[in-house]
Amino acid sequence: MNAKHLFLKYKPERDVVFFFGAGASYADGAPLQQDLLPYILSGQDKTIAESGLGAEVVEFVREYFGAGELYYPSLESVFGFIDYLISHRESLGKDLSVAKIQGVRESLVKLIHYTIARHCKSGTSVYGKFWNNVRLSSRNVGVVTTNYDSLLDEAFSLFPDAGYIDYCLHLMNYDQYETYHREIDPFNWWINPREPVPEWGGSVVSPIKIIKLHGSLDWKYCGCCAQVLLTPWNSEIDLDRRGFIRYEYYEGPDPHSPDIQPVEFTCPIDGVRFDTLIVPPSHVKEITNPVISSLRSEAARELRCANTVVFVGYSFPDADVHIRLLLKKNIKPSAKVIVIDPVIDDRKRLGYSTINDDVEFYEEAFSDALENEVLLAKIFPA
Ligand SMILES: [Zn+2]
């Protein structure tokens, strides 16, 4: 049966754009940035401690920062240090060439990826509640997030009758199944909301942008063709193999128990090993990845057309210079700005005061805010 197709169109203005920081995912188990390095270095996770990646990073940080039980350097300083060396092409002696330092950086990114993926509790859900509210509202909303985890996307419950996620990047999952279908698991096929989509029983469907400014744990990036494969519900990284794996099923003599083998996850176009696509925090931040730069311009456009911007759990970290600029330059002076955060100190107040004269603060957890009727009426337009 041929389904009718609809072309989903965005309105020129957005009723609300939500800006999520780490505090928004915290309730669903995602660790805060400041807890990542202590976790990685402390030795409490045996998988990290026993992996080559773990040993390499622990040795590097101990040598140059002297981490102990009472003190751990911030991730921003470690990445700032590494990025300084790389950008100045400066080595640390014969055993640590610039290429080796680059390798330590990649190892640390993979350990962060592993640590966050391991702690996220799929299925619990403040984000589930959030999407229920979106479903009942105008649905003319957008999301910009600095979080790597995929908890928000996994909780998305509007597909297929009420909404489609638009990641604002061309995923490999949209392409030519006849050519690549052997490599791209049908489970990962995805509908491109920027092309006509199948109509479901005449319901009104909204495209909703989720712009993941710092990348995502379930994006696999190919450094050769610069394309991204989305692997929903699969954020795992294998530390021993230093990369992503997928599972291949072989039919054995018993059809009920096929043989399952892990294999390296490679790009279906050119066979190159997939890489992570997350932008770590750093005091020296050079954003050169083409996917990330295009998401930044997309976020600028989305913020510019927002009538209300709601910040949830964003702490204005000092390392986020690029975000400060993005917000300052693009939020309209006439936009209403609402901040939801369980702890709002003077530093945060000051940060927000630089982006808009009139900011409303709600000092509460996101889960409580989603039960505050007065606030809900303000942020979810009917
Ligand atoms: Zn490729």
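The values are calculated or read from the model by the stated rules, or taken from the named source; none is laboratory data. Please read all numbers here as calculations on a predicted model, not as lab measurements. FYI the Cβ positions are ideal-geometry reconstructions off the backbone, even for glycines, and counts take in every protein chain you see. In case anyone asks, the SASA skips ligands and DNA or RNA and just uses the protein heavy atoms, side chains included. Shrake-Rupley method; radii C 1.70, N 1.55, O 1.52, S 1.80 Å.
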- Note on the structure: Checked the range 55-106 for anything open to solvent by less than 60 Å² (accessible area, probe 1.4 Å), among the acidic types (Asp, Glu) and within 25 Å of the chain's Cα centre (by Cα); matches are 76, 83
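For every residue, the table says whether it meets (1) outside any helix (DSSP H, G or I); (2) modelled with pLDDT of 95 or more; (3) in contact with a helix residue (DSSP H, G or I) (Cβ under 8 Å, 6 or more places away or on another chain).
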site	(1), (2), (3)
35	no, no, no
44	yes, no, no
58	no, no, yes
68	yes, no, no
- Reported set for the range 169-187 where residues are open to solvent by 10 Å² or more (accessible area, probe 1.4 Å) and modelled with pLDDT of 90 or more is 169, 170
- Note on the structure: When the range 128-151 is checked residue by residue, the ones that are more than 13 Å from residue 312 (Cα to Cα) and either free of Cβ contacts under 8 Å to residues at least 40 places away in the same chain or of a type in the set (Phe, Trp, Tyr) (or both) are 128, 131, 132, 135, 148
- Counted residues, the range 242-264 - those being surrounded by 11 or more Cβ atoms within 10 Å (Cβ to Cβ), within 16 Å of residue 220 (Cβ to Cβ) and touching a Phe, Trp or Tyr at 6+ places or on another chain (Cβ under 8 Å): 6
- residue 206, sole failed condition from (1) surrounded by 15 or more Cβ atoms within 10 Å (Cβ to Cβ); (2) without any contact (Cβ under 8 Å) to a residue 40 or more places away in the chain: (2)
- All positions within the range 335-363 that are modelled with pLDDT under 95 and under 20 Å from residue 128 (Cα atoms): 342
- Message: Need the failing condition index for residue 239 against (1) more than 13 Å from the ligand (Cβ to nearest atom); (2) open to solvent by less than 70 Å² (accessible area, probe 1.4 Å); (3) at positive phi, just the number.
- Response: (3)
- Query: Do you know which of the residues in the range 308-337 that are among the β-branched types (Val, Ile, Thr) and open to solvent by less than 80 Å² (accessible area, probe 1.4 Å) is farthest from residue 370 (Cα to Cα)?
  - Reply: 323
- Close pairs (6 angstrom Cβ cut-off, 6 or more residues apart or separate chains): closer than 21 Å to residue 13 by Cα in the range 322-343, buried (at least 20 other Cβ atoms within 10 Å of the Cβ) and among the small types (Gly, Ala, Ser) anywhere: 335/306
- In the range 291-307, which residues are over 16 Å from the mean Cα position of the chain (by Cα) and either closer than 26 Å to residue 111 by Cα or buried (at least 19 other Cβ atoms within 10 Å of the Cβ) (or both)? 302, 303, 306
- Item | When residues of the range 7-30 are limited to those that are assigned to a loop (DSSP other than H, G, I, E, B) and open to solvent by 30 Å² or more (accessible area, probe 1.4 Å), the one farthest from residue 205 (Cα to Cα) | 27
- Can you tell me how many residues in the range 209-236 are more than 16 Å from the ligand (Cβ to nearest atom), open to solvent by 30 Å² or more (accessible area, probe 1.4 Å) and more than 30 Å from residue 5 (Cα to Cα)? 1
- Task: For residue 72, state whether it is outside any helix (DSSP H, G or I) and at negative phi.
- Result: yes
